[in-house]
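First up is the structure itself, then whatever we jot down about it.
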Amino acid sequence: MTNILPQAANMNRGAWLMKEEITECYRDIADLLIIGGVIWGNNPDDDYFVKSHGVKTPSAFWKVIIRGTGSNERAIAWIVPNSQEATRKKSDAYIVSIKEIERVTGEVVPVADFTKYDKSNPWVIPRGCNKG
């Protein structure tokens, strides 16, 4: 349901779109578990829709993609700021460990402990992927 919340245009068409494309490509390769949400901030200056719709603007969005099981389990996680600066070129800068997602959100992500600390291996869009 993160897509129904207010999103900065460049973030939605940039860094966040790349996460959606990665998801689309890898789901054709393997079964995925995808978990995501928002990080709320305290900036009333960007809450443009509170008066008209009663909806605050999140400070950031997060996503975790998990594939494989056991020793083959792999995961990648991002915290993407809800800002115009969150472009596609900056996507890898938003990779975080799952442990960081858990720390910031209070959520528990169901992955093996060895997976929670790895943020060194960005997932690229596989060659030949049909993103549609």
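The values are calculated or read from the model by the stated rules, or taken from the named source; none is laboratory data. As the structure is a prediction and not an experimental result, all values here were calculated from the model. All Cβ positions, glycine included, derive from the backbone under ideal geometry; neighbour counts span all protein chains shown.
Collect the residues in the stretch 92-112 that are of a type in the set (A, V, I, L, M, F, W, C) and either within 17 Å of Gly36 (Cα to Cα) or in a helix (DSSP H, G or I) (or both), keeping them in residue-number order.
Ala93, Ile95, Val96, Ile98, Ile101, Val104, Val108, Val109, Val111
Is it true that some residue in the stretch 96-106 is within 16 Å of Trp123 (Cα to Cα) and of a type in the set (A, V, I, L, M, F, W, C)?
yes
Quick one: is Thr115 buried (at least 16 other Cβ atoms within 10 Å of the Cβ), in a helix (DSSP H, G or I) and touching a residue at least 24 places away in the same chain (Cβ under 8 Å)?
It is true that Thr115 is buried (at least 16 other Cβ atoms within 10 Å of the Cβ), in a helix (DSSP H, G or I) and touching a residue at least 24 places away in the same chain (Cβ under 8 Å).
Considering only residues that are among the β-branched types (Val, Ile, Thr) and part of a strand (DSSP E or B), look in the stretch 3-50 and name the one that is farthest from Ile65 (Cα to Cα).
Ile39
Taking the stretch 69-81, which residues are part of a loop (DSSP other than H, G, I, E, B) and in contact with a helix residue (DSSP H, G or I) (Cβ under 6 Å, 6 or more places away or on another chain)?
Glu73
Residues in the stretch 11-69 that are among the hydroxyl-bearing types (Ser, Thr, Tyr), over 14 Å from the mean Cα position of the chain (by Cα) and closer than 22 Å to Ser83 by Cα: how many?
Of the residues in that region, 3 qualify.
For a quick check of your reading of the model, give me the residue pairs whose first member lies in the stretch 36-62 and is touching a residue at least 60 places away in the same chain (Cβ under 8 Å), whose second is in a loop (DSSP other than H, G, I, E, B) and among the polar types (S, T, N, Q), with beta-carbon atoms closer than 8 Å and at least 6 apart or on different chains.
As it stands, the answer is Ile39/Ser59, since those pairs meet every condition given.
Could you check how many residues of the stretch 98-132 are of a type in the set (Ser, Thr, Tyr), touching a strand residue (DSSP E or B) at 6+ places or on another chain (Cβ under 9 Å) and over 26 Å from Asp28 (Cβ atoms)?
Selection size over the stretch 98-132: 1.
For the stretch 51-68, which residues satisfy the criterion of being out of contact with any helix residue (DSSP H, G or I) (no Cβ under 8 Å at 6 or more places or on another chain) and modelled with pLDDT under 90?
Those that are out of contact with any helix residue (DSSP H, G or I) (no Cβ under 8 Å at 6 or more places or on another chain) and modelled with pLDDT under 90: Lys51, Ser52, His53, Gly54, Val55.
Please find, among Lys56, Lys51, the residue that is surrounded by 12 or more Cβ atoms within 10 Å (Cβ to Cβ) and more than 27 Å from Lys119 (Cβ to Cβ).
Selected residue: Lys56, the only one of Lys56, Lys51 that is surrounded by 12 or more Cβ atoms within 10 Å (Cβ to Cβ) and more than 27 Å from Lys119 (Cβ to Cβ).
Count, please, the residues in the stretch 69-83 that happen to be surrounded by fewer than 18 Cβ atoms within 10 Å (Cβ to Cβ) and either of a type in the set (Asp, Glu) or at pLDDT 95 or above (or both).
2
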